[in-house]
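The values are calculated or read from the model by the stated rules, or taken from the named source; none is laboratory data. No experiment lies behind these values; they were computed from the predicted model shown. When we count neighbours, we look across all protein chains shown, and the Cβ atoms used for this are built from the backbone with ideal geometry, even at glycine. Keep in mind that these areas ignore ligands, DNA and RNA; they rest on the heavy atoms of the full protein, side chains included. Shrake-Rupley method; radii C 1.70, N 1.55, O 1.52, S 1.80 Å.
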Amino acid sequence: MPKRKRQTRSQSSSESDFTTEDSDASIDVESDDNPGSRRVTRGSAKRMSQGDAQEEGKMDDHGTRARSSILHPSQRNQGNASPSRHGNKATSSESESEGLAEDTGRRKGLKRTAKAMSYYGSPPKRHSLGETRCPMPGCDSMGHFTGKFETHWTLSGCPLYHNLTKEECKVRAADRESKQKVRDKIKKEVKDEAHMALRNPSPTRSQKEYKDKVKEQRKVKPVISEEQKEKARQHKKTHENNREPLLEGLTSQYDLDLFREAQARAAEDMEKNAVFQESEVQQGAMFEAGLKTIQFGRFELDTWYSSPYPEEYARLPKLYICEFCLKYMKSATILRRHMAKCVWRHPPGDEIYRKGSISVFEVDGQKNKIYCQNLCLLAKLFLDHKTLYYDVEPFLFYVMTEADTTGCHVVGYFSKEKNSFLNYNVSCILTLPQYMRQGFGKMLIDFSYLLTRVEEKTGSPERPLSDLGLISYRSYWKGVLLKYLHEHKHDREISIKDLSTETGVNPYDIVSTLQAMSMLKYWKGKHIVLKRQDLIDEYLKKQANKPPEHKAIDPNSLKWTPPVITKR
């Protein structure tokens, strides 16, 4: 028996050591000035864990903190049956080791249990984080945009931010549920008929009726009255960027409801994610902190991927970047002090293009190494496959900016090698998220081919292309080819070589685009380009519908001569 007692003490000491490591590895949450944001740091987590233990009032004899507040009831009963010093003295060493293994298993399953409860059970009760409230000024955190929760603590779930009341959110939630039942009914009919259908089943009656209904709803084009415009202006003037703009009258009611439904789904996912993160913090679970957002000028951007910033910066939840010199800083105070002294108002290098407020600067990676490295680190936050960070000397960077009274703001950029063996005219291309879907991506692509034509070469982007990159380039190539075919509609013969020379597009890209449009056929030993008038008419219709102020590159505004690269 004495030998057994010593074994129990050693086990309990190892168990208490394990608990100490857990508490040292846990985290502390310090509230920032903004109640909606949290700054997570390491260091003083023992105080929070000890405070939770005093609240629960449940400490076993070995000094292990009780965790029954998040465990399943069956696991709590097992936890109460764990071996202790005051238990049965006739317990064998095998049962003690089983109890220790069981307790260790519960520790390892702690994170999975919290995740399951946050997604499928009721949200965990807020203890030390109960002061977390919605960051919206004047909001009491009651109600939810989805209509499924009684409270919220994220801006995406705030009814006030979406110009709604919590009662209106519940009504819209019921409406969405009824529409979802109709969709589920149609899906069930399709699934039942799929067993009897052929390889390409025809649409069901319900699908046809639903499609016709959607077409009829989308035919009704909204007309924005002067009263709505004045109301929108007053709303913008009163609330500025603190509330969502008024969306009524911008599109059809069907598309607006579809957008609201997507918003509700995203808000629900974000709320569940916030619940899960809070449950991890409450239980002292360790999670990887990392760069989530950046402050870039007047925009706060969510990052998409990680970037190899120095370790002391990469661990911060938010990074502050000067939009002119691209220097990165740790806090808003440092950024304000830097902006008071920063003399940069445009990228370094030569301005080789200007039309209106759009300019393009050519930056040499060898002459402006720090700026180009910071630009690559910024781009990696939004590109998955980018590998160039610090070796920037062999590259030229072409930075597109949009000017206003405060300076030239970076819109996007592309880089290319000074000496490319395979005639690549683009190595990396990026449009910043706040300027996406505004035509700047095609402007960057068109500008790269404009430089290629001035050099009297043909170029192609560096392979492999990402999915989004392939879509953008394929759309550009399609427009260039259709424009060329329209301008040469009276020519009976078209040479791929002449087309490549005039447009600057690589022949391989021309052939692949023609094949994608089903305009290239092999007939009697020759490749024949089929002139599809329907595609040309569709292209001309899109060009005619573009507004007069649409963004496009003007070749006459380029002031540039190809650089002379000397080989060392």
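Working note: Karplus 6.51/-1.76/1.60 with θ = phi - 60° gives the stretch 382-394 the couplings 10, 10, 8, 9, 6, 10, 8, 10, 10, 8, 9, 4, x Hz, where Gly and Pro are set to x.
Give 327/355; 181/211; 215/442; 531/551; 386/416 a once-over and call out the pairs whose C-alpha atoms are over 23 Å from each other. In this structure, 327/355; 215/442; 531/551 exceed 23 Å between Cα atoms.
When the accessible area of the stretch 340-432 is split by element with a 1.4 Å probe, what percent falls to carbon and sulfur? Result for the stretch 340-432: 53 percent of the exposed heavy-atom area is carbon or sulfur. Between the alpha-carbon centers of the stretch 512-554 and the stretch 197-269, tell me the distance in whole angstrom. Rounded to whole Å, the Cα centres lie 31 Å apart.
Each pair of Cα atoms in the stretch 286-369 enters the Kirkwood radius, and Stokes-Einstein at 25 °C and 0.890 mPa s then converts it into a translational diffusion coefficient of 167 µm²/s.
Put a dot 7 Å past the Cα of residue 351, heading toward its Cβ, do the same for residue 262, and the two dots end up 3.7 nm apart. In the stretch 444-568, Cα pairs under 8 Å separated by at least six residues give a relative contact order of 30 percent. Computed from backbone phi with θ = phi - 60° and the Karplus coefficients 6.51, -1.76 and 1.60, the 3J(HN,Hα) list for the stretch 304-321 is 9, 9, 7, 9, x, 5, x, 4, 5, 8, 5, 7, 6, x, 9, 10, 10, 10 Hz; x is used for glycine and proline. Here's the picture: charge each Lys and Arg Cβ at +1 and each Asp and Glu Cβ at -1 in the stretch 337-474, and of 435, 347, 459 the one pushed furthest to the positive end of that dipole is 435. Pairs from the list 497/521; 292/330; 188/272 with a Cα-Cα gap above 21 Å: 188/272. Taken along its principal axes, the alpha carbon cloud of the stretch 408-489 reaches lengths of 40, 31, 28 Å, longest axis first. At the residue level, residue 405 shows approximately 140 square angstrom of accessible surface with a 1.4 angstrom probe and all protein chains present.
For the stretch 419-541, taking the reciprocal of the average inverse distance between every pair of different Cα atoms yields a Kirkwood hydrodynamic radius of 15.5 Å. Each 10 Å bin from zero holds the following percent of Cα-Cα pairs in the stretch 300-423: 12, 41, 37, 9, 1. Counting only heavy atoms of the protein chains and using a 1.4 Å probe, residue 410 has close to 10 Å² of accessible surface. If you take the Cα centroid of the stretch 333-407 and the Cα centroid of the stretch 174-190, the two points sit 50 Å apart.
Calculate one ³J(HN,Hα) per residue across the stretch 527-533 by plugging θ = phi - 60° into the Karplus curve 6.51 cos²θ - 1.76 cosθ + 1.60, and present them in order as whole Hz with x for glycine and proline. Result, ordered by residue: 8, 10, 8, 8, 8, 8, 5 Hz.
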